[in-house]
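First the structure, in the form of structure tokens, and then the observations on it.
The values are calculated or read from the model by the stated rules, or taken from the named source; none is laboratory data. These figures come from a predicted structure and were not determined experimentally. Every residue, glycine among them, receives a Cβ derived from its backbone with ideal geometry; neighbour counts consider all protein chains shown. For the accessible areas, the whole protein counts, side chains as well, though only heavy atoms, and no ligand, DNA or RNA atoms are used. Shrake-Rupley method; radii C 1.70, N 1.55, O 1.52, S 1.80 Å.
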Protein chains: 2
Amino acid sequence: MTVTQIEPRSGVAFRLHEGQTLRVIDPKGTQVSDLLAYSAADVREVISNGRTFDYEETIALTTGNRLWSNRSQPMLSIVEDTAGRHDFLLTPCSEATFRHFYPDQPVHRGCFGNLAEALEPYGVEPDMIPCAFNLFMNVPVAADGNLQVDPPTSRPGDYIRLRAEMDLIIGLTACSAYASNGGSFKPIQYEVETEAAHLS
Amino acid sequence: MTVTQIEPRSGVAFRLHEGQTLRVIDPKGTQVSDLLAYSAADVREVISNGRTFDYEETIALTTGNRLWSNRSQPMLSIVEDTAGRHDFLLTPCSEATFRHFYPDQPVHRGCFGNLAEALEPYGVEPDMIPCAFNLFMNVPVAADGNLQVDPPTSRPGDYIRLRAEMDLIIGLTACSAYASNGGSFKPIQYEVETEAAHLS
């Protein structure tokens, strides 16, 4: 089992085969990782927050929940989750969101730009990037519907394990936005477990 | 000003020019209407619940809020809203959602199928249909994140007015799902107001 590190404010893409499990780790705590999933057979099939909210009947997704595609197919099952708090409401940070929320800071291409570059070799165009499943992101929604972006509650070493329910292309980042990560940018780590390795 | 009726469980698509205002009416009350918006210049630019939640900082959208595109541009501004309750969390009902939620009822193509057919002449493929802005839809989210689909609280004649901030292709339905509409299927009405007409 090899743990791969995603450096601060960067992103990667890779294949995840059906039955493999992806473990995403927040090694230092308080760090968000944006996760995207596309069907390897046809990247027009993509992870969908709306289909997921519909079928799972919750916006608070954790162990036991599945993440669904725009074609109503399960893509990933959350099989373990030591953090327990993630967000699926918001889109990846981008040049436009930096200009909007941080007008006094240098503009960064954000998770959106990092994902677009990493996914381009797989035939994913920028307009095909939907809401990401934002691991460890802490977005409380008040009773009146107002939302805010708070620092993640994840502690060093917290992780989430997701099993692929179909052959996937995964996009994964170490998030680049100030508020989402409690003001500092840290790495993310991940490893891909095959079913046999996990059972042994 | 011509009021057009969308018959129960059907949908339409039409152009809405920048500066025009779309008024969508629930003539009998307790009826949902799924709304989609695409840039007329390039239909790969599309309404985005995540970008909207991000910039508006709420999931409870009403008068004064704007609906944003995946390219971080304002598409529509809500300028009047007598209903005050809409949903932007869930995807349009479809054959798959009918099979999932209503296994004992006949399968219907739902808002998804109605929107796909109406939008096809504009170059919109089914996979390009995201979460709709679900007018009059009542989806309370509990403190623990669980959501449920309750009957709309809209009364006969309630309406919402949205001003186009760019040239748009609009998709609009009278929703086909049981729970979303309190168990019965009713028409939706709409009219397009030009700026001059509204001021006169």
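What's the average, rounded to a whole number, of partner chain beta-carbon atoms within 10 Å of each residue's beta-carbon in B:89-101? All intermediate terms of the calculation are to be shown ahead of the outcome.
Values: counts 8, 7, 11, 3, 1, 5, 1, 7, 4, 0, 1, 3, 2.
The mean count of partner-chain Cβ atoms within 10 Å per residue comes to 4.
Averaged over the residues of peptide B:44-54, the number of Cβ atoms from other protein chains lying within 10 Å of each residue's Cβ is 6.
Rounded to the nearest whole Hz, the Karplus-based 3J(HN,Hα) values (6.51 cos²θ - 1.76 cosθ + 1.60, θ = phi - 60°) of segment A:38-53 follow the sequence 10, 5, 5, 6, 6, 5, 6, 8, 9, 4, 9, 5, x, 5, 5, 4, with x at glycine and proline. For A:Ile6, the residues whose modelled amide H falls within less than 5 Å of its own, excluding neighbours fewer than 5 places apart on the same chain, are A:Ile188, A:Gln189, A:Tyr190.
For B:Met1, the label point sits 7 Å beyond Cα toward Cβ; its separations from the matching points on the remaining copies run 6.4 nm, from shortest to longest.
Here is how the number arises for chain A: DSSP H runs of 4 or more residues each give -39500 (n - 2.57), the sum is divided by the residue count, and the result at 222 nm is -4000 deg cm²/dmol.
Using the 1.4 Å probe convention, the accessible area of chain B works out to 39 Å² per residue with neighbouring protein chains retained. Between B:Ala37 and B:Ile47, B:Gly171, the built amide H atoms are under 5 Å apart, and every one of these is 5 or more places off in sequence or on another chain. For peptide A:175-182, the mean count of partner chain Cβ atoms within 10 Å of a residue's Cβ comes to 0. Residues in segment A:1-27 near a label at A:Glu191, defined as backbone nitrogen under 14 Å from the 7 Å Cα→Cβ point? So the set is A:1-5, A:21-27.
Counting only protein heavy atoms and a probe of 1.4 Å, the accessible surface of chain B is 47% carbon and sulfur. Here is how far apart the B:Asp127 label points are across copies: 1.4 nm, shortest first, using a point 7 Å from Cα toward Cβ.
Listed by chain and number, the lysines whose alpha-carbon sits under 19 Å from that of A:Lys186, ignoring those within fewer than 8 places in the same chain, are A:Lys28.
The P(r) of chain B has a tail past 29 Å containing 16 percent of all C-alpha pairs.
Using the Karplus relation 6.51 cos²θ - 1.76 cosθ + 1.60 with θ = phi - 60°, the per-residue 3J(HN,Hα) values for segment B:12-19 come to 9, 9, 6, 7, 10, 7, 3, x Hz, with x marking Gly and Pro.
Rounded to 0.05, the FRET efficiency of the B:Lys28 and B:Ala142 pair, given R0 = 25 Å and the Cβ-Cβ distance, is 0.30. Across the identical copies, the label point of B:Thr153 (7 Å from Cα in the Cβ direction) is separated from its matches by 2.8 nm, in order from shortest.
Once the chain from B:Glu125 to B:Thr2 is taken as fully extended at 0.36 nm per residue, the excess over their C-alpha distance is 41.3 nm. Modelled label positions at B:His17 and B:Glu95, each set 7 Å beyond Cα in the direction of Cβ, lie 3.9 nm from each other. Solvent-accessible area of B:Thr82, all protein chains in place: 50 Å² (probe radius 1.4 Å, heavy atoms, ligands and nucleic acids excluded).
Using a 1.4 Å probe on protein heavy atoms only, how many Å² of accessible area do B and A hide from each other, summed over both chains and rounded to 100? Result for this pair: about 2800 Å² buried.
At 1.4 Å probe size, put A:Arg99, B:Arg51 in order of accessible surface, largest to smallest.
Values: A:Arg99 135, B:Arg51 5 Å².
I get A:Arg99, B:Arg51, largest accessible area first.
3J(HN,Hα) along segment A:115-121: 5, 4, 5, 5, 8, 4, x Hz, from the Karplus curve 6.51 cos²θ - 1.76 cosθ + 1.60 with θ = phi - 60°, whole Hz, x for Gly and Pro. Spatially, segment A:27-105 and segment B:170-187 are offset by 28 Å when compared through their Cα centroids.
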